[in-house]
Each structure stands twice: as structure tokens, then as C-alpha cells.
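First up is the structure itself, then whatever we jot down about it.
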Amino acid sequence: MTQVQPLPELYFGGDYTPEHFPREVMAEDMRLMKQAGVNLVTINVFSWAQLQPNEDTWTFEWLDEIMDTLAANGIGADMGTATASTPAWLAKKYPEILPVDEKGLPFHHGSRQTFNPNSPKYRQLSALLVRKIAERYKDHPALRMWHVNNELSHQVNYDYSEITIRKFREWCKARFGACEKMNQTWGLHFWGNNIYEWDELMPPMRTAHQVNTSLLLDWKRFTNECYMEVAKAEIDILREITPEIPITTNFLYEFKTLDYFQWAELVDFISVSSFPDPKVASHPGEAALSHDIMRGLKDRPFVLLEQAPSQVNWRLANVNKKPGVMRLWSHQGLAHGSDGFLFFQWRASVHGSEKFHSAMVPHVGENSRVFREMVQFGQELPQCKEVIGSRVKADVAIVLDYNNWWTVEFTPGPTALLDYLENLKAYHYALFEENVTTDIIPVDRDFSRYKVVIAPLLYMIKPGFKEAVEKFVATGGTFVTTFFSGVVNEFDEVFSGGYPGPLSDLLGLKVEEFEAMKPYVRNSLIMNDGFPGASGEYESSLWCDILQLQGAKSLAVYGDDYFKGRPAVTVNTFGEGRAYYVATLPDPAFLRPFLKQVCAEQGVDPVCETPTGVEAVVREQDGRRYLFLLNHNYAAVDITLPDGNWFDLITEKMMMGRVSMGSVETLILKGDD
Ligand code: GAL
């Protein structure tokens, strides 16, 4: 792996396609980029057709000119490998490169990302293209990093071509050895789905009723691996030719098709396309959670490789980022560990589907609010350079498991309303609102660095998790989990003996029954005495587990239904630590004080007290603390800074005590430990 951390500068720029404009526009672009302080642009992402107009012809001259112009202007290139959009001649000459949908219908050429990840022709010709690009630009002074493909699997989540089906059968054969082993492991005897010959096995395509869920899970794992192979094939070539140049590929916001924890191993640093909806009702924790996931993938800073300067073009109605919000959200990214800020796109396109997607330079040109805000942000950014590489301070971790995300949602019943990410958000947002920063970690990360580990809706328990979490709690940690946890193993087979299966001892309870609630139904939690911070009654929804306590202590009981008075929130002492179980989905009014208290018991305090809507996060490095205060309100607020003298990195003034923050304003303050 190339050594890339910390990044040399805080990157700032956007997706750049000067080849789509008259030649003279590039000189104008350079002037404007310098004015804004752009130091990195993403190029060549979708230009395979322009580089290779037919199988025997290569036309690199236009790209040479872009690279030379960038170098002459001191701007770096995040160089795309151009494999994300296949040329028309490729589909015409080798139709096998076209993917097939779950009904067996082929896709046709005509947009982008329309390739079968398992097509040998696609693999062969894309490898040739990547090699040519890498050889040509390996010593070019503008080359800063490689951008592999683009948002792999975004458009074609799953391919059902004959090529892929055959490969899936081989994959299963290698995994299980014999059909009977697979029948047993997946439970294919159910509905008589037994397989006796490998060529009887089908992926989860259009069929009359529900597909076996274990098969579905392994199909998702298989597809994840196929796309990883696509990325790795490119990465291997790039590493061979330019071992010093870092490699990334843009991951997607709130995207569940790929297991990004596995992908993190492939790349040198994580980057992400981040497009939260600027609608007024969206929660500021939404982007924070995505940033925490991206930082967690490699446990290191990451890069916001695509943000919208203002509106996107692919929502029902595309709301603008109001004045100041682009800067605020970029600073929020910086607070949560992003060391780069690029935007889709530099100059608004005049053709095609993305004409009305915002750009750093809109159709109206430089005399615009959006460009002026870009200039302000870009010019200020170097003042935050010392933040690069610093770590976000978090004593609380939330567990995210992609396999679990897939299965908990596709299993028919108990409720189709189960949304893994929404449940994770409930816990993340409650802590976010208390200014308690969280890391997002996979199930197999070392827990010992944390004081509190929260695993909402951990339906699937993988081998090793029980032992690791028991050790963590036994030695003093706090674990929190929820309803519908500890239900199945890694093949989606239910643990016999009742839930929470392997976590029963740790939690000191069994689930006797569960009930899914209709969307309009509510139950309530009635607090028992003696839990500091939370008292009285709170609403709950979605789900109720009916528990038998086997050592755990009840903290709250249900207020309604035939299980009224039965425990709804419990705690179990296990060794030196505690394990909490929340048997329903409580209202935030409960989760906030509950989690605050759980954290307080472990000595985890909020970063600082702030008015509602003001977020506080700390990054730290070499004894220095960077306190980020982000006012997500469209109104000014007054705030009391934590004790000490604080140096404002942007205004370069010292601050202390009570200060005012304007609407959607940020403060980035340096203090000594
Ligand atoms: C990204 C994609 C870009 C552009 C952008 C628009 O997902 O990588 O090419 O389409 O969305 O929001």
C-alpha cells in the first residue's frame, strides 16, 4: 500500500471536463481556479470514448494538453482511469460487456457505467486502457492521485448475465465444495429448493415468490467481490507502474450494496461523493454520520471528493444550498475528518443530463453567489492546513455491519418497516445532539479503544463477536444493543434457543416474543426510579420485544398492550462492565438522556454544551486540540467557549468566554491540551 497519510495539503477543487467546452475556455478556467485557490481537479473519469475512438486508435493529445495546462498552473490532477463509461464501439463489437437485469433483459449502450463487471472483454480492454494512461502520465508533474473507475456498482448493483451466473456457480462451488453442503448451509430444503447439480443454481432472479435469504446474502457477498476484483485489477496495474502515487475511488453516501469495510483495504485513502439533501427538514447529523462512516472505514481522515456546490439534478425537486451552507457543510466535513473538498462540478455543463446540476462556476459565470462563496471558502482553507492528519476524538463507537444491513432488511417479516440505517441514525443523532462524537466501526475492530460500544439492530452475529464483546464488557466497557439482535449466524440461520442468541449471557435476558407495530401505533416506556436523567414516560414505536430477564435489571417497562409492565430497557452487570438492551425504538426524547447517562457512567462527556443546532467536534494532534463549532441554525446564537484561550484559525484572533456565531457560521478554534 502506498504511504499517503497525511495528505500534503487540504485539497480543493472539482470535477473538470474542459474537453466539453471550446478550447479558449481553459485559459479562463485557469484564471478562475487561481482566484478561488483550486489545487486539485478530477479529470478523465468518463472519457474512454474520447481516448479510444475505436479498438485500434488512441487519441491522448487532448488529455496531454489538459495535464500540461494544469501543471503550468500549479494545479494537481486526480486522474480518472476512464473505465466508468464504455465507448459505443465496445458494446457493438462485444455485446457481452453489457449487463443484464434481474428479469434477464440486457441493458443497452447510451448512458454511463453500463458494463458487466465480470465480462472478460471488459476486464481485458479496461486493463489495457488503464495501463496506457498510467504509462503515459506516470511522470507527469500534474499527477497527484489515481481515481479508479467511478462509484463502482452504483448504476448496475447486480448483474444477471450468463457470464455472471456461471461465475456465481463457481464461487459457490469453491465456497461449499458439494451441493449438499450448500443445501444444508442455506437451508435449501425449505420450499424444496434443493440443488443437485451446480448448473441448477440460479441467482435471485425474477421468480414467483420470495428467494431463499441465505442465497440472497451470499449473492450479495459474491457481487461485492466481483466489483472488488474490477477495482483491484485497475489498482494492481497502477501500483505496478506508479508505486508512489496514491489511489482512491469514490464511495457513495449511505450506500449499502458494497461492503466498504472490505473495500477500504484496497485503496490508499477513502474518498466519497457526499450529497445530503439541503432541504430545511434534513437533520445535520445525516452528513455527520456519513463522514463518521467514511473516517471509520480506514480509521483515518478521508476526502470529500464530490459535493454539490449548491443543488443536484437528480432529486424530485432540487433544493439549493442556502448562502453559507456549502462552507458550513465543508467545515463539518473537516471537523469529522475530511482533508479534502472537491465538488461536482467545476463548470456547469451545457449538454446532457447534468446541465442543471450546480457547479463551482455556474452558467451565469463568476459573477454569482455560488462562485463568490467558493472563492471565500477556497481562500480561507489553507489557514486550516495544520488540521491535516489530526484525529477526530471519539470514545464512543457505533457498530456498522454491511452483511447485517443487507439481511435485516431483505428478510421477509417481522416488519417491512425495518430500516437498519434509520435505527443506527436514531442512536447516532441522539449522541450528535449531545455533542458526543462517535466512530463508526466494523464488528471485528478492537473495541478496547472505546468506553462505550453501541450495536443497534445487530441481527447477525458473526464468529468472534460474542467473545470480543464479552471481553470488552468484562474488562469495564459498556455495550448497548437493541431489539432484533443476536438472531442469526453469518449464513442467516437462526440461532436455536432464542434471541439474543450468543449475546444472551452478556445481556442477561431472553426474548420470548416480539411484535412489529403498525406505523401509526405507539407504545410507551415508563421509567423505573433510579435512572438519572430519564424519568416519566416516553413514546416508542416500530417494535416491541417481550423479555424474560435472566439476571438483567429492568430500567423501564412498557406502558401499553398485553405486555404492559414487562421490561423494555434493561441493564446487566457483566464482569466489570455493563450491557444495556433497548427492546423497542424509543423516541429521541428518551434516547438523548439515556445515552448521555450511559456515556457519563463511563466518564464520557460532551465536547461542550451548545445551544440547540450547534454542533461541537474535536480533532486533535500532537497535544493540540481543534474545536469545531458549527451553527446549523439559520439564526445567530451566543455560545460559551470551553475554558481556555482559543485561536481562531480563520480570523487569526484569540477568543475566550462568550462569543456570537452568525447564521450557518462556523468557528475553527485551536487550543492547547
Ligand atoms: C456522482 C457522480 C458524478 C455526478 C454527480 C452528480 O454520483 O460520480 O459523476 O454524476 O454524482 O451529483
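A few remarks follow.
- Every residue from region 540-598 that is among the charged types (D, E, K, R) and either within 18 Å of Val473 (Cα to Cα) or in contact with a Ser or Thr (Cβ under 9 Å, 6 or more places away or on another chain) (or both): Asp545, Lys553, Asp560, Arg566, Glu576, Arg578, Asp587
- Residue match in region 216-236 (condition: away from the ligand (no atom under 16 Å from the Cβ) and more than 30 Å from Trp314 (Cβ to Cβ)): yes
- Selection within region 210-247 - of a type in the set (Asp, Glu) and assigned to a loop (DSSP other than H, G, I, E, B): Glu244
- When region 278-301 is limited to residues that are within 16 Å of the ligand (Cβ to nearest atom) and touching a Ser or Thr at 6+ places or on another chain (Cβ under 9 Å), the one that is farthest from His428 (Cα to Cα) turns out to be Pro278.
- Thr42 vs. criteria modelled with pLDDT of 95 or more, touching an Asp or Glu at 6+ places or on another chain (Cβ under 9 Å) and within 16 Å of the ligand (Cβ to nearest atom): yes
- Scanning region 350-387 for residues that are buried (at least 22 other Cβ atoms within 10 Å of the Cβ) and of a type in the set (A, V, I, L, M) gives Ala359, Met360, Val361, Val370, Met374, Leu381, Val387.
- The residues of region 90-105 that are in contact with a strand residue (DSSP E or B) (Cβ under 9 Å, 6 or more places away or on another chain) and over 19 Å from Ala127 (Cβ atoms), listed by number, are Pro95, Val100.
- Among the residues listed as Val375, Val370, Val408, the single one being in contact (Cβ under 8 Å) with a residue 60 or more places away in the chain, within 16 Å of the ligand (Cβ to nearest atom) and not in a loop (DSSP other than H, G, I, E, B): Val370
- Residues in region 470-490 that are free of Cβ contacts under 8 Å to residues at least 40 places away in the same chain and not in a loop (DSSP other than H, G, I, E, B): Lys471 only.
- Residue in region 121-132 that is in contact (Cβ under 8 Å) with a residue 60 or more places away in the chain, within 30 Å of Phe222 (Cβ to Cβ), touching a helix residue (DSSP H, G or I) at 6+ places or on another chain (Cβ under 6 Å) and in a loop (DSSP other than H, G, I, E, B) present: no
- Within region 315-339, residues that are at negative phi and surrounded by fewer than 20 Cβ atoms within 10 Å (Cβ to Cβ) sit with their Cβ atoms under 9 Å from residues that are part of a helix (DSSP H, G or I) and among the aliphatic types (A, V, I, L, M), at 6+ positions apart or across chains, in these pairs: Asn320/Val370.
- Qualifying residue in region 201-216 (condition: in contact with a Cys (Cβ under 8 Å, 6 or more places away or on another chain) and either modelled with pLDDT of 95 or more or of a type in the set (D, E, K, R) (or both)): yes
- Within region 302-342, considering residues that are charged (D, E, K, R) and more than 16 Å from the ligand (Cβ to nearest atom), the one farthest from Gly80 (Cα to Cα): Lys322
- Among residues of region 81-131, those that are within 16 Å of the ligand (Cβ to nearest atom), in contact with a Ser or Thr (Cβ under 7 Å, 6 or more places away or on another chain) and hydrophobic (A, V, I, L, M, F, W, C), counted: 2
- Scanning region 608-644 for residues that are touching a strand residue (DSSP E or B) at 6+ places or on another chain (Cβ under 8 Å), closer than 19 Å to Trp329 by Cβ and among the hydrophobic types (A, V, I, L, M, F, W, C) turns up Val614, Ala616, Val617, Val618, Leu627, Phe628, Leu629, Leu630, Ala636, Val637.
- Only one of the listed residues (Phe261, Phe255) is modelled with pLDDT of 95 or more, closer than 29 Å to Leu216 by Cβ, within 12 Å of the ligand (Cβ to nearest atom) and within 15 Å of the chain's Cα centre (by Cα). That residue is Phe255.
- Which listed residue is in contact with a helix residue (DSSP H, G or I) (Cβ under 9 Å, 6 or more places away or on another chain), buried (at least 22 other Cβ atoms within 10 Å of the Cβ) and either among the hydrophobic types (A, V, I, L, M, F, W, C) or over 30 Å from Glu65 (Cα atoms) (or both), from Leu90, Leu188, Leu98: Leu90
Rundown of residues vs (1) free of Cβ contacts under 8 Å to residues at least 40 places away in the same chain; (2) surrounded by fewer than 23 Cβ atoms within 10 Å (Cβ to Cβ); (3) over 23 Å from Thr573 (Cα atoms); (4) not assigned by TED's automatic domain parsing to the domain that holds Glu493, yes/no style:
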site: Pro414; (1), (2), (3), (4): no, yes, yes, no
site: Tyr429; (1), (2), (3), (4): no, yes, yes, no
site: Thr437; (1), (2), (3), (4): no, no, yes, no
site: Gly464; (1), (2), (3), (4): yes, yes, no, no
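- Across region 535-555, not a single residue is classified as among the hydroxyl-bearing types (Ser, Thr, Tyr), crowded, with 22+ Cβ neighbours inside 10 Å and either under 27 Å from Glu467 (Cα atoms) or without any contact (Cβ under 8 Å) to a residue 12 or more places away in the chain (or both).
- So Val350, is it in a loop (DSSP other than H, G, I, E, B), more than 28 Å from the chain's Cα centre (by Cα) and free of Cβ contacts under 8 Å to residues at least 24 places away in the same chain: no
- Residue in region 388-398 that is more than 16 Å from the ligand (Cβ to nearest atom), within 26 Å of Glu493 (Cα to Cα) and crowded, with 19+ Cβ neighbours inside 10 Å present: yes
- Criterion: without any contact (Cβ under 8 Å) to a residue 60 or more places away in the chain, within 16 Å of the ligand (Cβ to nearest atom) and either over 18 Å from His351 (Cβ atoms) or out of contact with any Pro (no Cβ under 8 Å at 6 or more places or on another chain) (or both) - qualifying residue of Glu19, Glu24: Glu19
- Count - residues of region 132-156 that are surrounded by fewer than 16 Cβ atoms within 10 Å (Cβ to Cβ) and within 16 Å of the ligand (Cβ to nearest atom): 1
Listed here are the residues, each with its yes/no results for (1) crowded, with 21+ Cβ neighbours inside 10 Å; (2) in contact (Cβ under 8 Å) with a residue 12 or more places away in the chain.
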| site | (1), (2) |
| --- | --- |
| Lys564 | no, no |
| Tyr581 | yes, yes |
| Phe594 | yes, yes |
| Asp638 | no, yes |
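The values are calculated or read from the model by the stated rules, or taken from the named source; none is laboratory data. If you're wondering where the values come from, they're calculated on a predicted model, not measured in any experiment. In this analysis, Cβ positions are derived from the backbone assuming ideal geometry, glycine residues included, and neighbour counts consider all displayed protein chains.
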